[in-house]
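These notes are about the structure you will find just below.
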Amino acid sequence: QVQLVESGGGLVQAGGSLRLSCAASGSRFSINDMGWYRQAPGKQRELVALITSGGSTNYADSVKGRFTISRENAKNTVYLQMNSLKPEDTAVYYCTVHIVLSGTYWGQGTQVTVSS
């Protein structure tokens, strides 16, 4: 059974930084895309960043230049380095992975709160 364990959320002041991590375990197959979504209160879940198995990345316009996604394939782990955080970045952040021949999986979510 595939499990995703997220860590690194918390409370930070505007302008600060946080680093989220998500480790996947339990898969018999290769992990393809890995990424992060977020959902703020009263809003739909939205894409933050994606990274392919080959290292290509895609970012939401709102985080370009501030957030960096990376992955460590040997550890089946994806990271999200978040710099210059703004109050509007406040949300629950969800890790997601797509596994070949298996499907898409989601983490339990980690809260990020940015105070002004």
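All of the numbers you see were taken from the coordinates with simple rules; none came from a lab. None of the values given here were measured: they were computed from a predicted structure. For neighbour counting, all protein chains shown are included, and Cβ atoms are generated from backbone atoms with ideal geometry for every residue, glycine included.
Mind computing the radius of gyration and Dmax over the alpha-carbon atoms of the chain? Å is fine for both.
13.6, 44
Given a Förster radius of 25 Å and the C-beta distance between residue 25 and residue 111 as r, what FRET efficiency does 1/(1 + (r/R0)^6) yield to the nearest 0.05?
In this case the efficiency is close to 0.65.
Under 19 Å Cα to Cα from residue 43, which lysines show up? Leave out anything in the same chain fewer than 8 places away.
Excluding near neighbours in sequence, the set is 86.
In the chain, which longest range has no trypsin sites (Lys or Arg not before Pro) that are both DSSP loop (not H, G, I, E or B) and surrounded by at most 11 other Cβ atoms within 10 Å?
65-116
Under 10 Å, Cα contacts only: if you run a Gaussian network model on the chain, which one of 59, 79, 93 comes out with the highest mean-square fluctuation?
Judging by the Gaussian network model, the answer is 59.
Let me know the charge dipole size of the chain about its Cα centre in debye, to the nearest 20, where only the beta-carbon of Lys, Arg (+1) and Asp, Glu (-1) is charged.
So the dipole magnitude of the chain works out to roughly 60 debye.
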